[in-house]
1. Looking only at residues that are over 21 Å from Ala189 (Cα atoms), surrounded by 14 or more Cβ atoms within 10 Å (Cβ to Cβ) and aromatic (Phe, Trp, Tyr) in region 67-117, which one is modelled with the lowest pLDDT?
2. Answer yes if at least one residue in region 246-263 is under 24 Å from Ser124 (Cβ atoms), assigned to a loop (DSSP other than H, G, I, E, B) and in contact (Cβ under 8 Å) with a residue 12 or more places away in the chain, and no otherwise.
3. How many residues are of a type outside the set (Ser, Thr, Tyr), closer than 20 Å to Thr60 by Cα and exposed (fewer than 15 other Cβ atoms within 10 Å of the Cβ) when one looks only at region 12-34?
4. Do we find that Tyr177 is more than 29 Å from the chain's Cα centre (by Cα), buried (at least 19 other Cβ atoms within 10 Å of the Cβ), farther than 17 Å from Asn72 by Cα and touching a residue at least 40 places away in the same chain (Cβ under 8 Å) in this structure?
5. Could you tell me whether Phe241 is of a type in the set (Phe, Trp, Tyr), at pLDDT 95 or above, more than 24 Å from Val156 (Cα to Cα) and crowded, with 18+ Cβ neighbours inside 10 Å?
6. Somewhere in region 64-72, is a residue closer than 25 Å to Glu314 by Cβ, part of a helix (DSSP H, G or I) and outside the structural domain of Arg224 (by TED's automatic domain parsing)?
7. Which of (1) without any contact (Cβ under 8 Å) to a residue 12 or more places away in the chain; (2) not assigned by TED's automatic domain parsing to the domain that holds Lys197 is the odd one out, the single condition Cys281 does not satisfy?
8. Which members of region 258-281 meet the condition of being out of contact with any Lys or Arg (no Cβ under 8 Å at 6 or more places or on another chain) and hydrophobic (A, V, I, L, M, F, W, C)?
Amino acid sequence: MRITLKDVAKRAGVSSSAVSRTFTESASVSQKTRKKVMRVADELGYRPNVLAGSLKTQRTKLIGLVADNLQNPVFVVIIDLFTSLIQENGFRPLLVNLAGETDPESSVRLLRQYSVDGVIVASSTLPTSFAVAFHDAGLPVVHTFGRYSGESHAHVVSIDNVHCGSMAASALLDHGYERIGFMGGPAEATSTEDRLKGFESTARQNSMKVSCSFARAYSYEAGREEMSRLIAEGDLAQAYFCGDDVLSIGAMDALADAGLKVPGDVGIIGLNDAEMAGWRCIQLTTIAQPVAEIISASVELIVSQINNPTAISETRLWPCQIKYRSTLRYV
C-alpha cells in the first residue's frame, strides 16, 4: 500500500496541513513539528508527491533545457554540467532536443504544457529572437552561448565570438601565416557569422589573404567533408581557423587522408578546448572558452529570475584564451 500524507499525520499525531507545510518550501511550521513529521515520514517511507505539490505552490521545479547539435561530443559535457547544477539547485531539467528546429513555437508550446518554471536555451547557433520568444510567452529565460544583443529581453551568458575570430587571425599572423582560411559551421549560425566577422576584420587590417568556407554542421563528419572539398579544389590556405574543435579534428583527418601534415603543410586552430583537443594523438591549438563558468552563471541567473521575475535582463560575456599545442608551426 502506498503511504499517504494522512498516514504520516495520524502516526505523528498532527494535522494533515502540518505535514503538508513540512514538505512545502518556505511554509510556516514549528521546528518541533517538523522534526516529528520528518522522523515519522522516514519510518513509514513516505515521500511527497511533487506533482501534487506543484498544484498548490504553482511551481513545478522544472527547468526546460533547450539544446541543439547534440551529436557534437562537446555537448555531452555541457548537458552533464547543466543537469547536475540544475539538480543541485533543487530543480529538475526537462531536455528538449531541437534536432535542427529553428522555429521556437513548438518548443515554447511544449514547455508551457509542462508548466516549467524557467528555460535555458543552450545554443551558439540560434538567433536572439529564439530565446526572446520564451520571454514573450511569460517564461524566465537565459540564452547560454548566445549572441549578445543590446535589445534582447533575455539573459545572455556567452563569449564574444567576434573577438574570438580576431584572436584566431592574430594567432595565425603571429605564427607567420599570410594566406589564411576560415572554415565555419553552418553559414546562418550566429556564432559562425560573428567569428567570421572578427576573423576577416583583423586579417584584412594586416593585409592577410583570406578565404572562407562553411561546413554543413558543427560536427566531425562535416569538417572532414568540407576540408576534403577544399583539398580537391587544390587551392588550400596555409592555415585554417575552424569554428569548433570537432570541425578541426575532422579537417585534420581529411588532410591526413590526402597525405598532408599538420602543421607542416597546413596549420589548424579550433575553438572550445574540448577534452579531446588535448589528447596526445590530437594536440589541437584552440581558443578555450570557460564552459563550466558559463554554465554555472547561467543556472545562477535562471534560478534568480525564477525567484524574482521582474529582474532586469543582463549579459555576461566571458573572456577566452588560446591554448597553444601542436597544430600551428613554430616561428
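1. Phe91
2. No - not one qualifying residue is present in region 246-263.
3. Quick first cut of region 12-34, residues of a type outside the set (Ser, Thr, Tyr) only: 12-14, 18-19, 21, 23, 25, 27, 29, 31-32, 34.
Remaining after also requiring closer than 20 Å to Thr60 by Cα: 19, 21, 23, 25, 27.
With exposed (fewer than 15 other Cβ atoms within 10 Å of the Cβ) added as a condition, the list becomes 25, 27.
Adding up the residues that qualify gives 2.
4. Details: more than 29 Å from the chain's Cα centre (by Cα): yes; buried (at least 19 other Cβ atoms within 10 Å of the Cβ): yes; farther than 17 Å from Asn72 by Cα: yes; touching a residue at least 40 places away in the same chain (Cβ under 8 Å): yes.
So Tyr177 fits the description; yes.
5. Judged against the criteria, Phe241 is a match.
6. No - not one qualifying residue is present in region 64-72.
7. Against the list (1) without any contact (Cβ under 8 Å) to a residue 12 or more places away in the chain; (2) not assigned by TED's automatic domain parsing to the domain that holds Lys197, Cys281 comes up short only on (2).
8. Passing the criteria: Ala258, Leu260, Val262, Val266, Ile268, Ile269, Ala274, Met276, Trp279, Cys281.
The values are calculated or read from the model by the stated rules, or taken from the named source; none is laboratory data. As the structure is a computational prediction, the values presented were derived from the model and not from experiment. Note: ideal-geometry Cβ built from the backbone for every residue, glycine included; neighbour counts use all protein chains shown.
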